[in-house]
Protein chains: 2
Amino acid sequence: MATNSVFNPNPVSSFTSSTVSTKGDKQWPGCLMLNGKQMHVRLSNGYRAKARSAINVNSTAIEIPHQWYNLVADLAIKPPPPLHPKTFEPVKPEDLSPLFADELIKQEVTDERFIDIPEEVIDVYRLWRPTPLIRAKRLEKLLDTPARIYYKYEGVSPAGSHKPNTAIPQVYYNAQQGVKNVVTETGAGQWGSSLAFACSLFSLGCEVWQVRASYDQKPYRKLMMQTWGAKVHPSPSDITQSGRKILQMDPSSPGSLGIAISEAVEIAAANEDTKYCLGSVLNHVLLHQTVIGEECIRQMEAIGETPDLIIGCTGGGSNFAGLSFPFIREKLKGKINPVIRAVEPAACPSLTKGVYAYDFGDTAGMTPLMKMHTLGHDFIPDPIHAGGLRYHGMAPLISHVHELGFMEAISIPQTECFQGAIQFARSEGIIPAPEPTHAIAATIREAVRCRESGESKVILMAMCGHGHFDLASYEKYLQGSLVDLSFEEEKIKESLAKVPQVQA
Amino acid sequence: MATNSVFNPNPVSSFTSSTVSTKGDKQWPGCLMLNGKQMHVRLSNGYRAKARSAINVNSTAIEIPHQWYNLVADLAIKPPPPLHPKTFEPVKPEDLSPLFADELIKQEVTDERFIDIPEEVIDVYRLWRPTPLIRAKRLEKLLDTPARIYYKYEGVSPAGSHKPNTAIPQVYYNAQQGVKNVVTETGAGQWGSSLAFACSLFSLGCEVWQVRASYDQKPYRKLMMQTWGAKVHPSPSDITQSGRKILQMDPSSPGSLGIAISEAVEIAAANEDTKYCLGSVLNHVLLHQTVIGEECIRQMEAIGETPDLIIGCTGGGSNFAGLSFPFIREKLKGKINPVIRAVEPAACPSLTKGVYAYDFGDTAGMTPLMKMHTLGHDFIPDPIHAGGLRYHGMAPLISHVHELGFMEAISIPQTECFQGAIQFARSEGIIPAPEPTHAIAATIREAVRCRESGESKVILMAMCGHGHFDLASYEKYLQGSLVDLSFEEEKIKESLAKVPQVQA
């Protein structure tokens, strides 16, 4: 049995190359002890420099903020109102009542600067908040950049992204109002998971339409929602009128967020005890996400840093707004002056290639018309892996802020994003979701520019989630089979032609 | 286009059931503002009680410990030494040199009470440590128990479990000694991921033999390791002599940790620049994990709690030891007197049904003989989902401590574990890995006993990792197709018959 032993009964030279001093009579505890003083060997300086690279700024403890911040209050020019999809008149709060809890409608339209976070919501936030602000010193070293790179990491939430920041209050306000079920759509699965998580804590029923491309690509996201007790349908589904209509035209439709929204909204509208929750785009969603930026301001203050550049990915825009809006407030006060840069996928470039116009939030045209950067409400983006960024529009408030010149936008193709993700994962240790790889790639571009210019800029990056459920996309990248889908100007022109003509 | 609108152009009654006061002339920002005072509606007391349930004790900030704790130093009766697999004589440190870094060999045999954690290791620990200690108040409420349940949550590490606590120092000491590659085995994939993560931060090559059952069941764990740059082989593989031997006997062998260890050890022994790393069982591994218990002692002190009962799952035993050993020190000092309970799967019950005897750590008989609770080194447990608990033996130090009467052990079948996991996930929001579901099930048993007896015991539970890569097992459970594999006494008798006869 022991014939395969790798141990030489009489070891001779195998230990001679070692630096440890041992003697034949030194054995195990209970036999004879080794010299304790030899336990801590010295390190070469080079190695020390390499290893001393992660600084979790969180060690400077801060409290969870007790208020959300509403940027609208500080804007001299207010954003244009949503319009009723039939009358083209400004939507009234009561129009939204079949869909949303009353408190959320109030938050959607408020001009209060700060909104108290209910103690019950903070109690749940405590499961993962404050989230860490981490200096990416190993990535800096890898890139040989004088820039100082920080990332605010939201992947520590139970659902793995920033989305629970708003799922918890949305479900809380619905539960408080006596709503029994909520419905929603999900692209990458992060929002659906977050809502399922929230519903499970507050004992609400939860039903999710998951974009078919994601439903097929990411079975684990579906299983996660089911584990939390939610029902999950691939979208387009044959459960709804909107879904059936799409399936008639294209039975193998990969789906889109716009279609899935239509399906969920349809069900909410048809059921008294059911309301709809949206994971991004709307003002109240962006509002809830500002806990990220509020925390980050305190964390950066605590370590004496000020961002020169803030970078985040944008799909619907909530994570980006969550980090950047509180900094825009400080910018408006004249306290700081960071460049604020949104990064979107080249395959779905609403800010960089869309028009700023009134359009529907969903594909079927059931939602209010919102003035936003849009690629057209029936634009179906290529099935890139960053499912959370496959939305035809951009949050109206971000679109407005962009028009006001408070921020800028770029787009990046997905192979460059995954290249950056591998650099990040292998230096920083955290595997990012495909969405924040866009912020990572943009950060790397800037860090490399800093290497060339010698500038030691402070870059703050929104790292909105982990990639535990996106590893199939990494497999594709590592196998070399991930491609940059060619951007079809024609396709966008077609869908833009269908944007409703509104005089506003 | 807007014909499917869910909005009634002239809303009449849809808003009447609502408690929100709105008027027709109240519109959106830019139009007219709602009254800010109405933003915060009152809550019913019942609801407040329900939601106010998560207390992240971490808000009482503590520092990462700067020393690991070595329980051996405080034991009046020292554990028996490992024996050479051929001579049956106590192994000498130099015998282990082909396999392990010198510093780790020293730590394996030291009797120093505290070992300084290198600053470079603490720098990496800062990515996720201190880990949260969370009071499971929602679970308490669900179980209607007067017990106070706390869990120390290690799933926040980048690899998702407690394993990086030792992967980082192991790779660090190897890197410092100039080793180029490390090899290892992995069961559930958590250890392999952790080693791959550590190697990626310290730029070492990493090769992992993953137990075939897990390799097939959990492709995402493999992809995670590959994303960090590791090579992954299913075990048994045809790369090694030990693997080929097993495949000859059973080409469809599901593998076992014992087999995978044989394969990795064989490669390490055959290559000068390659060493072997083990994720559990050995003294130095348990030592590194004591950061968990050291943190936890400070966290419990900070909130003025003392555990009456400490519960953890045991496979190789490192997570259990990591939490409990520092508490055993305090127990030996007479400061506290908690019951300490190990929980193992009914399908692999080394502590409850094994013998305490010298046995090999691997299947092929290449490792030293260790005195431990064992089911026999060629015992192949049923492919239960808690892959990390499918090891034929138990850490020698835990086995010794068990013999000394400092702790007790029970076993639980997997369906009861998953039932507990669902209760935990849906009340606490965190989806556990299959391994800690054993601790959860045992905690629930105790909490229910407390409900019956009226005792308000303080239960401290080791929650060693999340289940993001184990969702297929949840799917099986939710579908009702998860079964308790019948425990075969005959099978264990057979493998126990092959435990070597050693006089010690």
Within the stretch A:174-184, restricting to residues that are open to solvent by 10 Å² or more (accessible area, probe 1.4 Å) and touching a residue at least 12 places away in the same chain (Cβ under 8 Å), the one that is nearest to A:Glu207 (Cα to Cα) is A:Asn181
Only unsatisfied item for B:Val285, checking (1) assigned to a helix (DSSP H, G or I); (2) touching an Asp or Glu at 6+ places or on another chain (Cβ under 7 Å); (3) open to solvent by less than 20 Å² (accessible area, probe 1.4 Å), is (2)
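Residue-wise test of (1) without any contact (Cβ under 8 Å) to a residue 40 or more places away in the chain; (2) not assigned by the TED database to the domain that holds B:Leu309.
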position	(1), (2)
B:Ser411	no, no
B:His438	no, no
B:Ile444	no, no
B:Glu455	no, no
B:Ala472	no, no
B:Gln479	yes, no
B:Ile492	no, yes
The condition of being outside any loop (DSSP other than H, G, I, E, B) and either aromatic (Phe, Trp, Tyr) or open to solvent by less than 20 Å² (accessible area, probe 1.4 Å) (or both) holds, among B:Phe406, B:Phe418, only for B:Phe418
Exactly one of A:Glu490, A:Glu475 is among the charged types (D, E, K, R) and out of contact with any helix residue (DSSP H, G or I) (no Cβ under 8 Å at 6 or more places or on another chain), and that residue is A:Glu490
Residue pairs qualifying under the 7 Å Cβ cut-off, at least six apart or on distinct chains, with the first in the stretch B:239-258 being closer than 16 Å to B:His377 by Cα and open to solvent by 100 Å² or more (accessible area, probe 1.4 Å) and the second being in a loop (DSSP other than H, G, I, E, B) and aliphatic (A, V, I, L, M), are none
Q.
Condition check: open to solvent by less than 60 Å² (accessible area, probe 1.4 Å) and in contact with a Pro (Cβ under 8 Å, 6 or more places away or on another chain). Does A:Val499 satisfy that?
A. no
Looking for something of a type in the set (Ser, Thr, Tyr) and touching a strand residue (DSSP E or B) at 6+ places or on another chain (Cβ under 6 Å) - is there at least one such residue anywhere in the stretch B:277-292? yes
Being under 30 Å from A:Ala213 (Cα atoms), under 15 Å from the mean Cα position of the chain (by Cα) and among the β-branched types (Val, Ile, Thr) narrows A:Ile239, A:Ile311, A:Ile261, A:Ile267 down to just A:Ile311
Picking from B:Val208, B:Val265, the residue that is away from chain A (no Cβ under 12 Å), surrounded by 24 or more Cβ atoms within 10 Å (Cβ to Cβ), touching a Leu at 6+ places or on another chain (Cβ under 8 Å) and closer than 25 Å to B:Asp102 by Cα would be B:Val208
Exactly one of A:Gly420, A:Gly388 is touching a residue at least 40 places away in the same chain (Cβ under 8 Å), touching a helix residue (DSSP H, G or I) at 6+ places or on another chain (Cβ under 8 Å) and not β-branched (Val, Ile, Thr), and that one is A:Gly388
The stretch A:69-186: helices (runs of 4 or more DSSP H) wholly inside it with 2 or more residues that are more than 9 Å from every other protein chain (Cβ to nearest Cβ) and closer than 28 Å to B:Ala425 by Cα are A:164-176
The residue that is farthest from the other protein chains (Cβ to nearest Cβ), considering only those in the stretch B:457-486 that are open to solvent by 60 Å² or more (accessible area, probe 1.4 Å) and either hydrophobic (A, V, I, L, M, F, W, C) or closer than 25 Å to B:Thr131 by Cα (or both), is B:Leu485
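Here's the yes/no breakdown for (1) under 20 Å from the mean Cα position of the chain (by Cα); (2) assigned by the TED database to the domain that holds A:Cys296; (3) at pLDDT 95 or above:
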| residue | (1), (2), (3) |
| --- | --- |
| A:Asp95 | no, no, no |
| A:Ala101 | no, no, yes |
| A:Pro118 | no, no, yes |
| A:Tyr151 | yes, yes, yes |
| A:Gln176 | no, no, yes |
| A:Ser194 | yes, no, yes |
| A:Phe202 | no, no, yes |
Checked pairs for the stretch A:195-207, first of a type in the set (Ser, Thr, Tyr), second surrounded by fewer than 24 Cβ atoms within 10 Å (Cβ to Cβ), C-beta under 6 Å and 6 or more apart or across chains, list as A:Ser200/A:Gly229; A:Ser200/B:Arg426
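The values are calculated or read from the model by the stated rules, or taken from the named source; none is laboratory data. Owing to the predicted nature of the structure, the values given are computational and were not obtained by experimental measurement. No Cβ is skipped: glycine too gets one built from the backbone with ideal geometry, and neighbour counts run over all protein chains shown. Just so you know, the surface numbers come from the protein's heavy atoms only, side chains and all, with ligands and any DNA or RNA stripped out. Shrake-Rupley method; radii C 1.70, N 1.55, O 1.52, S 1.80 Å.
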